[in-house]
1. How many of the residues making up region 76-119 are small (G, A, S) and in contact with a Leu (Cβ under 6 Å, 6 or more places away or on another chain)?
2. Quick check on this structure: which one of L8, L99, L43 is within 30 Å of R119 (Cα to Cα) and either surrounded by fewer than 15 Cβ atoms within 10 Å (Cβ to Cβ) or modelled with pLDDT under 95 (or both)?
3. Can you confirm whether P21 is over 14 Å from the mean Cα position of the chain (by Cα), under 30 Å from S4 (Cα atoms) and either loosely packed, with under 14 Cβ neighbours inside 10 Å or at pLDDT below 95 (or both)?
4. Among the candidates G72, G51, which residue alone is over 19 Å from V98 (Cα atoms), surrounded by fewer than 19 Cβ atoms within 10 Å (Cβ to Cβ) and small (G, A, S)?
Amino acid sequence: MSPSQLMLVALVFVHLIGDYPLQGDFLAKAKHHKAPVAGVPWLVALASHAGIHAGLVAVTTGSPALSVLEFGFHGVIDFAKNEGWLGAGEQAYTLDQVLHVVCKIMWTLLLMKFPTELR
């Protein structure tokens, strides 16, 4: 496996960790702006979830810039899913996950193109 392939596998792996065991039912519900958890600001919950992903990307890639991109893109994608822009039900869930993986592909390509500039 090449270093870039290994990086992509690692990024997808940490995404799965961030979206499943590190998110949990509370955060999944609290970040939803249309049906927030009472007493929990949805934007704080969404930013916390995106921050978990940003931290995982930073640790995996060593890139603060990619961490910032992950924070922004992850938050926007999750907001779009909750807003209904990605469809509903299984379609929204699937498209959400596909878009997150596309981001990991972009981060890997950026690291291949700009290996020293991004670290």
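The values are calculated or read from the model by the stated rules, or taken from the named source; none is laboratory data. Here the structure is a predicted model, which means the values were calculated and not measured. Don't worry about glycine lacking a Cβ; one is built from the backbone with ideal geometry, like all the others, and counts go over all protein chains shown.
1. Result for region 76-119: 2.
2. L43
3. Criteria not met by P21.
4. That would be G51, the only listed residue that is over 19 Å from V98 (Cα atoms), surrounded by fewer than 19 Cβ atoms within 10 Å (Cβ to Cβ) and small (G, A, S).
Residue by residue, here is whether (1) under 18 Å from Q23 (Cβ atoms); (2) surrounded by 15 or more Cβ atoms within 10 Å (Cβ to Cβ); (3) within 15 Å of the chain's Cα centre (by Cα) holds:
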{"residue": "A88", "(1), (2), (3)": "no, no, no"}
{"residue": "L95", "(1), (2), (3)": "yes, yes, yes"}
{"residue": "C103", "(1), (2), (3)": "yes, yes, yes"}
{"residue": "T108", "(1), (2), (3)": "no, yes, yes"}
